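This report refers to the structure that appears directly beneath it.
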Amino acid sequence: MNDVMAELAKEHPHVSFVKLEAEAVPEVSEKYEISSVPTFLFFKNSQKVDRLDGAHAPELTKKVQRHVSSGSFPPSTNEHVKEDLNLRLKKLTHAAPCMLFMKGTPQEPRCGFSKQMVEILHKHNIQFSSFDIFSDEEVRQGLKTYSNWPTYPQLYVSGELIGGLDIIKELEASEELDTICPKAPKLEERLKVLTNKASVMLFMKGNKQEAKCGFSKQILEILNSTGVEYETFDILEDEEVRQGLKTFSNWPTYPQLYVRGDLVGGLDIVKELKDNGELLPILKGEN
């Protein structure tokens, strides 16, 4: 999907394509109810006008083309280009607490310097989002002037330029890097946050709209019959969570149901509780 985004960015230069790590900006993820990745949000005049959940390249292409053709993304007029670009660069550098502008992506760096930078950040467990400058020539050239820094990669913290690879290496050597950049949450901390994301959280194969196994489908039907609001997390979208939650909860299978961060159990337990008339009070936090 990174490659699809890059191609769409080339085809539609007047559209801003921005990529964020969901966990790097939890307040944004919560606001827009991001429960799985990738999720694509479409904005016009700072208002969300559409979304797409999941890695569906043809559907993403269709949605972008539809919004462009409907005028959802009006092209900038020449007199405002420079001002608009500076505003856009400001937003991009502030898009996450730690932003890396690089050649390629963290998964596929496209130059040695960018690769080294990603390795250092990962080694220090630093949480960051990235922007592929190859996907947008306007950003690639404009950021050099905006930051008064002629080369890439460039690392920003809270919108302020820290520097390129040499600076980061110096900060690493002086042991200052860890104090400057935000740390990624450890898996256990992340699982605590996820299990408490909603009062009732279901970890399942698939999502509310489409269960991807029979057990998950049955537990959805039971929860829907209670009328209680709940959120879901698709464990097929995140292998780290899928494996880690088994140890965290000491429960080896899925689905897993949590109420206020505490494990209730899997499908069999939920069925028993329903048959005993205990499920609804538990879901409401009365028991």
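Details
- For the pair residue 280 and residue 251, a Förster radius of 25 Å applied to the C-beta separation gives a FRET efficiency near 0.70, rounded to the nearest 0.05.
- For region 131-173 versus region 195-222, the inter-centroid distance based on Cα atoms is 41 Å.
- Projecting label points 7 angstrom from Cα along Cα→Cβ for residue 199 and residue 262 puts them 1.5 nm apart.
- Unit charges on C-beta of K, R, D, E only; dipole of region 85-180, Debye: 360
- Accessible area of the chain divided out per residue, in Å², using a probe of 1.4 angstrom: 55
- Relative contact order, percent, the chain [alpha-carbon distance under 8 Å, six or more residues apart]: 15
- The chain - percent of accessible surface contributed by carbon and sulfur, probe 1.4 Å: 49
- Summing Cβ point charges (Lys, Arg +1; Asp, Glu -1) relative to the Cα centre of the chain gives a dipole of roughly 480 debye.
- For the set 234, 3, solvent exposure ranked by accessible area (probe 1.4 Å, protein chains only) runs largest to smallest as 3, 234.
- Neighbours of residue 279, meaning other residues whose beta-carbon lies under 10 angstrom from its beta-carbon, give a summed charge of 0 when Lys and Arg score +1 and Asp and Glu score -1.
- Think of the chain as having a plus end and a minus end, set by charges on the Cβ of Lys, Arg, Asp and Glu; of 65, 220, 206, 65 sits farthest toward the positive end of this dipole.
The values are calculated or read from the model by the stated rules, or taken from the named source; none is laboratory data. On a predicted model such as this, the values are computed, not experimentally measured, just so you know. Backbone-built Cβ (ideal geometry, glycine too); neighbour counts: all protein chains shown. With ligands, DNA and RNA removed, areas are computed over all heavy atoms of the protein, side chains included. Shrake-Rupley method; radii C 1.70, N 1.55, O 1.52, S 1.80 Å.
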